[in-house]
């Protein structure tokens, strides 16, 4: 049985997908791009600001599912410029505590709305008695 996760604190879906889908204690988070939820506009052209907005959006979806970023077990980062890898590490360190999730970071040719970064992932919720 799956539960659809939806929150107004993250951008609404811009296609045929849900913000996240929960199956038992596992939550599959769709890719988040740097849209401001209230306006659905890109936060800025600045890469660091885009990265922060993406993590804020992911955090909102995690919270709506009953967890937080530190419950994420896998993160996939898509960048249009892999030279931004160090910046991603710096920004990510402000949102996650050790032990960090497993992660992949890849360069892609283009992302939705021509943003510079998109992140998706998997979260495992703690067992609730």
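Where a number appears in this text, it was derived from the coordinates with a stated rule and is not lab data. Keep in mind that what you see is a predicted model, and the values were worked out from it rather than measured. Heads up, the Cβs are rebuilt from the backbone with ideal geometry, glycines too, and the neighbour counts pull from every protein chain shown.
Between residue 48 and residue 6, the modelled label-to-label distance comes to 3.7 nm, taking each label 7 Å out from Cα in the direction of the beta carbon. Taking a point 7 Å from the Cα of residue 26 along the Cα-to-Cβ direction, the residues of region 96-120 with backbone N closer than 18 Å to it are 101-104, 120. Relative to one another, the C-alpha centroids of region 61-114 and region 1-60 are positioned 12 Å apart. Taking other Cβ atoms within 10 Å as a rough exposure proxy, 95, 100 sort from fewest to most as 100, 95. If R0 is 41 Å, the Cβ-Cβ spacing of residue 127 and residue 82 corresponds to a FRET efficiency of close to 0.65. Within region 53-129, antiparallel bridges make up roughly 55 percent of the DSSP beta bridges whose residues both belong there.
Distance between the modelled labels on residue 38 and residue 107, one decimal in nanometres: 3.7 nm (7 Å Cα→Cβ projection). Taking other C-beta atoms within 10 angstrom as a stand-in for reagent exposure, 38, 18 fall in the order 38, 18, fewest first.
Among 85, 55, the order by Cβ neighbours within 10 angstrom, fewest to most, reads 85, 55.
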